[in-house]
Structure formats: structure tokens, C-alpha cells
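Asks: Pasting a structure below so you can have a look.
The values are calculated or read from the model by the stated rules, or taken from the named source; none is laboratory data. All values reported here derive from a predicted model rather than from experimental measurement. All Cβ positions, even for glycine, are placed from backbone atoms using ideal geometry, and neighbour counts span all protein chains on display.
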Amino acid sequence: MRRWLILAGAIVLEVTATLSLRAAIDAPWWALLAVVGYGGAFVALSMLLRLGTPIGVVYGIWAAAGVALTAVLGSIVFGEPFTFLIGLGIAVVIAGVVLVETGHGAAVESAGGRS
């Protein structure tokens, strides 16, 4: 459970930082939040790696969730387009992450629980 909370924190920090970059176009002080958000996200990711979470799983979930949330929130907050193809692209990215996660689980099982 601790790992999932850290990962959720990393995702929230990264999405906040990315949206702050967009906001910084009109108000440059938002860039400070972007720096803090990205820094915090990378600290959280390094914590997960130190806890032994596989990098493919960590990065895949973090990146896919970040892409999906940023696209959705960018549409809501900044009025950016959200087309069928964008939604389809997000679905494909999420499906890829599920395959990576599933593949990692199968590899651990076949290795007798060793990762």
C-alpha cells in the first residue's frame, strides 16, 4: 500500500508540474511550482526504486497516468482539444502499461518469486 501511495504522489506532482508549465506561459511565477513538482516527482520515483519496485512498472504507470491526467486536465483547465484520437492514444498507452505489468508478474512467477 505504501508503494501505491508514493506512486500516486509522484503522479500528482508530475501532473501539477506539467500543468504549471502551461500556466507559466501567462504568469511566469508558475514555473516555480513546475520545478518543485518535477523535483518532488523524481524524489518519489527514486524512493520507489529503493523499495525494490521494478523500474519498468514504476515508470510505465507514472508516465501513462501522467499523460492521461495531463490531457484530460489540460482540456478542462485550459480548454485544449480532447479528440477521439487523443482518447484512443491514451487507451493504447494504458494498455501497454497493463501488458508491462502483466509481463513482469509472469516473469516473477516463472523465476520462483525472484525479481
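Asks: Could you list, in sequence order, all residues of segment 46-70 that are among the small types (Gly, Ala, Ser) and either modelled with pLDDT under 95 or crowded, with 17+ Cβ neighbours inside 10 Å (or both)?
Replies: Gly52, Gly56, Gly60, Ala63, Ala64, Ala65, Gly66, Ala68
Asks: Scan segment 84-112 for residues that are part of a helix (DSSP H, G or I), at pLDDT below 80 and of a type in the set (A, V, I, L, M, F, W, C) and jot them down.
Replies: Ala106, Ala107, Val108
Asks: Further question on the same structure: Can you name the residue in segment 56-82 that is aromatic (Phe, Trp, Tyr) and assigned to a helix (DSSP H, G or I) and is also farthest from Leu19 (Cα to Cα) among such residues?
Replies: Tyr59
Conditions (1) more than 21 Å from Gly9 (Cβ to Cβ); (2) exposed (fewer than 12 other Cβ atoms within 10 Å of the Cβ), marked per residue:
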{"residue": "Pro28", "(1), (2)": "yes, yes"}
{"residue": "Tyr38", "(1), (2)": "no, no"}
{"residue": "Ala44", "(1), (2)": "no, no"}
{"residue": "Leu73", "(1), (2)": "no, no"}
{"residue": "Ile76", "(1), (2)": "yes, yes"}
{"residue": "Phe84", "(1), (2)": "yes, yes"}
{"residue": "Leu88", "(1), (2)": "yes, yes"}
{"residue": "Ala95", "(1), (2)": "yes, yes"}
{"residue": "Val98", "(1), (2)": "yes, no"}
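Asks: Which numbered condition in (1) assigned to a loop (DSSP other than H, G, I, E, B); (2) without any contact (Cβ under 8 Å) to a residue 24 or more places away in the chain is the only one that Thr53 fails?
Replies: Unmet condition: (2).
Asks: Can you say whether Ile6 is surrounded by fewer than 20 Cβ atoms within 10 Å (Cβ to Cβ), in a helix (DSSP H, G or I) and in contact (Cβ under 8 Å) with a residue 40 or more places away in the chain, as far as the supplied structure shows?
Replies: Yes.
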